[in-house]
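J.: Below is the structure I would like to discuss, written out as structure tokens.
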Amino acid sequence: MAPPEAPIETLPTGEDEFRLIADSAPVAVWVTRLNRQRSFVNRAYVEFLGVPYDEALVFDWRAIIHPEDAMRLLQESIAGEASLETFSLEGRYRRHDGEWRWLNSTSSPRRDAEGRHIGFIGVAHDVTEAKEAELALRDREAQLSAYISQSTAGFAQVDLDGRFTLVNDRFCEIAGWHRDDLMGRTMLSITHPDDIKRNTGLFERAVAVGEPYTHEKRYIRKDDGIVWVNNSVSVIRRPDGEPFGVLAVTLDVTKRREDEASLRKGEETLRLAIEGAGMATWELDLPTMTGQWSPNRFDLLGLPRTPDLRGTVDDWLERIVTDDREMARTAFERCVAKGKPYTIEYRIRRADTGEERWLQSHGSRVDYADERATRFVGISFDVTERKHAEEELRESETRYRTMFEQANDFIVTMTLDQIITSVNPAVLGSLGYAEHEVVGRWIGDFMDEDQVALSLAALQRKLSEGGSTRLTINVRAKDGRELIWETNSRLGLDDQGRPTSLQAIGRDMTEAKRAEAHQKLLIDELNHRVKNTLAIVQGIVQQTFKADANPRAARAAFEGRLSALSEAHNLLTREFWGPVSMARIIDDAVAPHGGDAGRFELEGPDLTIAPKTAISLALAIHELATNAVKHGALSVPEGRVAIQWAKASGNEPRLSLIWSEHGGPPVKTPSKRGFGTRMIERGLAAELGGSVKIEFAPEGLKCVVEAPLPEATA
Amino acid sequence: MTALEGLRVLVVEDEPIVAMCLEDILDGLGCVTIGPASRLADGLALAQAGGLDAAILDINLGGERSTRIAEALRGGGVPFAFASGYGAVPEGFENQPLIEKPYREADIQAALVRLLG
């Protein structure tokens, strides 16, 4: 603005009108002369300075120019005036109230009618508000620019064809392309093929209806690498609203995607592991009591999977069999109410097949730091197989326990030190001990030293060679009886095959062994008897076939004697070589000689005699009968034989037996004692330990036997 | 006749027929039979009475063993042989001859010859 000039110049015609107009203008107006003196200022001018009009005409403007603008404004002013052209200045001036105001002034040269330069006329607008707005805008632009170029976000602007028109450094860095490569290229050309279709749709829709969008997509970098980005996209428009491009703010989300993928993978792995292990899970939101079930939880209960995988507590409880339901409900409710975790086993009936299955469930309440219980988490799995196996094991144990208890065989378990750990009732029955007298004791307490040694040797054999050992061993019963046990024992092994115990099964062979010994005795006895019988037969032969004997008579005699021997044996066999009835022996012996024809009269008490004595008696009777038939009473039809015996009492019981013949021819004493006679007189006497006497009385032969009553007699 | 002529032989045999038979055999060999005794007590009395040259003992005498007679004979230095169907001499007399039943005359003769030889 020009400095004030010398006063008062006459205004042109219509001056009052001009003044009126100028004073009403909202801008400062002034007029200068050639000498730069102001000849007129308007009201706005005066008001800005806050001084009287006269002072305003001469006011030195330089005093109120902002120091930062002073030099520039003075230079421009001098240059403008010198040019004699219209010129503008813009700068800050201090208003009368002390406030700095931006003023934009325009000075135009004034010319007279002849066109001579006579001064300037100027106007000044207060442009403070506009100027400040512009400055603020410039600041924001600068900030935005800095932000854009330094941002962690990438910025890319494309035209409506999708060609890059503007990218910042960060975008280049994220996208992996140089700025020069990107300019003129379309954004789809660096987009992953799989993302193009969706990207195109969103882009076109944004352009068409102006809808901003955010999406995630992949760029293919120049090095062929792939980067995941999150793009927030908005349309940019000209002031008239016509879209001319699209601006994208781009964030690199590759790492986040990887983390998510890895997390998802981890979750998936966990889920597969849980489901693979046959575990079904459920989560319950306690405030709403709505539950999320794992798909296999539906399968486990035989229920159809619901689309949202929601299941209720009742859905679960309904599947539980009546007997187990209250127990499960109580456990669940206590867990929810008091936070007490549970592990329960119960039976369910599958909804689809009706099959009964065993489940094991664990439930826990999840309590957060503020002690609000909001979640319940449970897992369940099918333990039917295990339950059945347990059941079978229990049955099997019962079965074996029964066998153990009921077996007639002995079952004994021991430590490797041969300390008894268990015995079955059969053992106790056999030994006569109570269980507490046996269990915990050493086996040596129940057998003699030599038997313990046998048992130890067998144990050593098992330890070194494995397998089982059979042993016949003598055991002492509580009452001292020696029992013969046959045992079979083997080692009990642990998982690694190391011996940990000794197991023996056995049976009492005492009776069997006794029977065996008895049988051996019998066979020996039989052998002896056969030999003895043969010796008797040999004796009969020797006696019968003497050199002077009539061969035919000798043969008949031999047959008769052999027959008598045989009869006696038959009887003894029938009586098992025990004591036999005297009447039977005699009866059998006389039978072949007409005993059945009533020619013998037998009379005597029912006595029994020892087997050996019976044979001698039978042979003696046979000899007597033979003689009677040949020479005595039985050689004639009317002859009879009486055989009488009696038990005579005295100090010792004695037997007296009398054979008497009558009704026969007169008897003559034989000149020579034959076998029969010798046999009777000496053999039977010796056998009976008594005396036997044959009297050849003329009226009939008589044989008198006197002997102690044989021991076998009852 | 034979070397056994007049030999006094004790016979202990509980089976009458066998005893008679043995008596006949000894008679045939020219021996004198002492006995025969069929019981342990009788046999023992005869053995202790002395005057014997030899003896033939049945091992089993009606259920009793003739061992005590054998001991008496050994004590008296009388040679003897067992006669048995068992096929084995009693314990403690393993060196004594055994005549197995049934026997023949030749068996008896041989046994006596051995006893006196």
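J.: Using a probe radius of 1.4 Å on heavy atoms only, what accessible surface per residue do you get for the range A:553-695? Whole Å² is fine.
T.: Value for the range A:553-695: 46 Å² per residue.
J.: Can you tell me the order of A:98-104, A:536-542, A:193-199 when each peptide is scored by its average per-residue count of other Cβ atoms within 10 angstrom, highest first? Let's see the in-between values first.
T.: On the way: A:98-104: 16.4, A:536-542: 20.6, A:193-199: 13.3.
Those peptides, ordered most packed to least, come out A:536-542, A:98-104, A:193-199.
J.: Here is a follow-up. Can you give the net charge of the other residues whose Cβ lies under 9 Å from the Cβ of A:Gly302, counting K and R as +1 and D and E as -1?
T.: So the surrounding residues net to +1.
J.: Select from A:Trp61, A:Ala337, A:Gly467 the residue farthest towards the positive end of the dipole of the protein assembly as shown; place +1 on Cβ of Lys and Arg, -1 on Cβ of Asp and Glu, and compute about the Cα centre.
T.: Result: A:Gly467.
J.: How much of the accessible area of the range B:1-115, probe 1.4 Å, is carbon plus sulfur, in whole percent? List each step's numbers first, then the result.
T.: On the way: 2160 of 4730 Å².
Looking at the range B:1-115 in its full context, I get 46 percent from C and S.
J.: What are the extents of the Cα atoms of chain B along their three principal axes, listed from largest to smallest and rounded to whole Å?
T.: Taking the Cα atoms of chain B, the three principal extents are 36, 28, 25 Å.
J.: Treating the angle as unsigned and between 0 and 90°, give the value, to the nearest 10°, between the Cα long axis of helix A:611-630 and the longest Cα principal axis of chain A.
T.: 30
J.: If I fit a long axis through the Cα atoms of helix A:254-276 and take the longest principal axis of the Cα atoms of chain A, what angle between them do I get, 0 to 90°, rounded to 10?
T.: 20
J.: Suppose every K and R has +1 on its Cβ and every D and E has -1 on its Cβ; what is the size of the dipole of chain A about the Cα centre, in Debye to the nearest 20?
T.: Values: 91 positive and 113 negative charges, 917 e Å.
The dipole magnitude comes to about 4400 debye.
J.: Let me confirm one metric for peptide A:675-687, namely the mean number of other chain beta-carbon atoms within 10 Å of its residues' beta-carbons. Intermediate results must be reported in sequence, preceding the final value.
T.: Working: counts 3, 0, 0, 5, 3, 1, 1, 6, 8, 1, 2, 12, 8.
Averaged over the peptide's residues, the number is 4.
J.: Using a Debye calculation, one point per C-alpha and no hydration shell, please list log10 I(q)/I(0) for the range A:593-677 at q = 0.12 Å⁻¹ in order.
T.: -0.42
J.: Here's a follow-up. Can you give me the solvent accessible area of B:Ile59 with a 1.4 Å probe, rounded to the nearest 10 Å²?
T.: The accessible area of B:Ile59 comes to roughly 0 Å².
J.: Compute, for A:Asp60, the solvent-accessible surface of its heavy atoms (probe 1.4 Å) with the complete set of protein chains present, and express it in square angstrom to the nearest 10.
T.: Using a 1.4 Å probe on the heavy atoms, I get roughly 70 Å².
J.: Next question, about the same structure. I'd like to know how the protein assembly as shown sits against the 2.2 N^0.38 Å rule of thumb: what's its Cα Rg over that expected value? Present the calculation step by step, with values, prior to reporting the outcome.
T.: On the way: Rg = 74.3 Å, N = 831, 2.2 N^0.38 = 28.3 Å.
Here the answer is 2.62, to two decimals.
J.: Considering the dipole of chain A built from charges on the beta carbon (Lys and Arg +1, Asp and Glu -1) around the Cα centre, which of A:Pro708, A:Gly674, A:Ala206 is farthest to its positive end?
T.: A:Gly674
J.: Follow-up question, since we're still on this one. Starting from the Kirkwood radius over alpha-carbon pairs of the range A:381-420, derive D by Stokes-Einstein at 20 °C in a medium of 1.002 mPa s and give it in µm² s⁻¹.
T.: Values: Rh = 12.4 Å.
Here the translational diffusion coefficient equals 172 µm²/s.
J.: Now for a separate question. Excluding residues on the same chain fewer than 8 positions from A:Lys647, give the aspartates and glutamates whose Cα lies under 19 Å from its Cα.
T.: Cα-Cα hits under 19 Å: A:Asp587, A:Glu601, A:Glu603, A:Asp606, A:Glu687, A:Glu706, A:Glu711.
J.: Mind checking which aspartates and glutamates have their Cα closer than 14 Å to the Cα of A:Lys462? Skip sequence neighbours fewer than 8 apart in that chain.
T.: A:Lys462 reaches A:Asp417.
J.: Net charge within 15 Å of B:Ala37 by Cβ-Cβ distance, Lys/Arg positive one each and Asp/Glu negative one each, not counting B:Ala37 itself?
T.: On the way: positive: A:Arg682, B:Arg8, B:Arg39, B:Arg65, B:Arg68; negative: A:Glu687, B:Glu13, B:Asp14, B:Glu15, B:Glu23, B:Asp42, B:Asp58, B:Glu64.
After counting each charged neighbour, the total is -3.
J.: Separate question: I need to check one value: relative contact order of the range A:230-329, counting alpha carbon pairs closer than 8 Å and at least 6 residues apart, in percent.
T.: Values: 82 pairs, mean separation 13.8, N = 100.
Relative contact order here is 14 percent.
J.: Sticking with this one: Which of the listed residues, A:Ile420, A:Tyr219, A:Ala248, is farthest toward the dipole's positive end in chain A, when Lys, Arg count +1 and Asp, Glu count -1 at the beta-carbon?
T.: A:Ile420
J.: Would you list which lysines come within 16 Å of A:Lys197, measuring only between C-alpha atoms, while excluding same-chain residues fewer than 8 positions from it?
T.: Straight-distance partners of A:Lys197: A:Lys217.
J.: So if R0 is 56 Å, what FRET efficiency would A:Asp181 and A:Ser464 give, r being the distance between their Cβ atoms, rounded to the nearest 0.05? Can you show the working numbers first?
T.: Working: r = 86 Å, r/R0 = 1.54.
My answer for the efficiency is 0.05.
J.: Here's another thing I want to ask about it. Mind listing P(r) for the range A:471-560? All alpha-carbon pairs, 5 Å bins, whole percents.
T.: 3, 10, 10, 9, 8, 8, 7, 6, 6, 5, 5, 5, 5, 4, 2, 2, 2, 1, 0
J.: Then there is this: Compute the distance in nm between two label points, each set 7 Å from the Cα along the Cα-to-Cβ direction, one at A:Asp450 and one at B:Ala45.
T.: Spacing of the two 7 Å Cα→Cβ label points: 4.2 nm.
J.: OK, next. Pop out the carbon and sulfur fraction of the accessible area of the range A:387-438 as a percent, whole number, probe 1.4 Å.
T.: About 53 percent, which is the carbon plus sulfur part of the accessible surface.
J.: Moving on to the next point. Taking Rh as the Kirkwood radius, which is the inverse of the mean 1/r over Cα pairs, what is the Rg/Rh value for the range A:119-225?
T.: 1.22
J.: Okay, next question. I'd like to check one number: the per residue accessible area of the range A:388-444, probe 1.4 Å, reported in Å² as a whole number.
T.: Working: 3470 Å² over 57 residues.
That works out to 61 Å² for each residue.
J.: A plus B alone minus the pair: what accessible area, both sides summed, probe 1.4 Å, in Å² to 100? Walk me through the numbers on the way to the answer.
T.: Working: alone 40630 and 6020 Å², together 44520 Å².
Answer for the A-B pair: about 2100 Å² buried.
J.: Right, here's the next one. Just list whichever of A:Lys546/A:Lys612; A:Lys265/A:Lys340; A:Lys612/A:Lys693; A:Lys265/A:Lys338; A:Lys612/A:Lys672 have alpha carbons separated by over 24 Å in the model shown.
T.: On the way: A:Lys546/A:Lys612 26 Å; A:Lys265/A:Lys340 32 Å; A:Lys612/A:Lys693 21 Å; A:Lys265/A:Lys338 35 Å; A:Lys612/A:Lys672 28 Å.
Cα-Cα > 24 Å for A:Lys546/A:Lys612; A:Lys265/A:Lys340; A:Lys265/A:Lys338; A:Lys612/A:Lys672; rest within.
J.: Give me P(r) over the range A:371-512, computed from all C-alpha to C-alpha distances, binned every 5 Å, as integer percentages.
T.: The calculated distribution, bin by bin, is 2, 9, 15, 19, 16, 11, 7, 5, 4, 3, 2, 3, 2, 2, 1, 0, 0.
J.: When the accessible area of each residue in the range B:7-27 is compared between its chain alone and the complete protein assembly (1.4 Å probe; ligands, DNA and RNA ignored), which residues differ by at least 50 Å², being lower in the assembly?
T.: For the range B:7-27, once contacts with the other chains are taken into account, B:Glu15, B:Pro16, B:Ile17, B:Met20, B:Cys21, B:Asp24 lose 50 Å² or more.
J.: So, one more: What FRET efficiency, computed as 1/(1 + (r/R0)^6) with R0 = 25 Å and r the Cβ-Cβ distance, is obtained for B:Ala106 and A:Ser671, rounded to the nearest 0.05? Don't skip to the end; give the middle numbers.
T.: Numbers: r = 32 Å, r/R0 = 1.28.
The formula returns an efficiency of 0.20 here.
J.: While we're looking at this one, here's another question. How large is the charge dipole for chain B, taken about the Cα centre, if only the Cβ atoms of Lys, Arg (+1) and Asp, Glu (-1) carry charge, to the nearest 20 debye? It would help to have the intermediate numbers written out before the result.
T.: On the way: 8 positive and 17 negative charges, 56 e Å.
Computed about the Cα centre, the dipole is about 260 debye.
J.: Please state the charge dipole magnitude for the range A:299-399, taken about the Cα centre, from unit charges on C-beta atoms (+1 on K and R, -1 on D and E), reported in debye and rounded to the nearest 20.
T.: Here the size comes out at about 340 debye.
J.: Moving to a separate point now. Within 10 Å of each Cβ in peptide A:525-533, how many partner chain Cβ atoms are there on average? Round it to a whole number, please.
T.: Values: counts 3, 0, 3, 7, 1, 3, 7, 10, 4.
Mean partner-chain Cβ count within 10 Å for A:525-533: 4.
The values are calculated or read from the model by the stated rules, or taken from the named source; none is laboratory data. These figures come from a predicted structure and were not determined experimentally. Quick reminder, even Gly has a Cβ in these numbers, built from the backbone with ideal geometry, and neighbours come from all protein chains shown. With ligands, DNA and RNA removed, areas are computed over all heavy atoms of the protein, side chains included. Shrake-Rupley method; radii C 1.70, N 1.55, O 1.52, S 1.80 Å.
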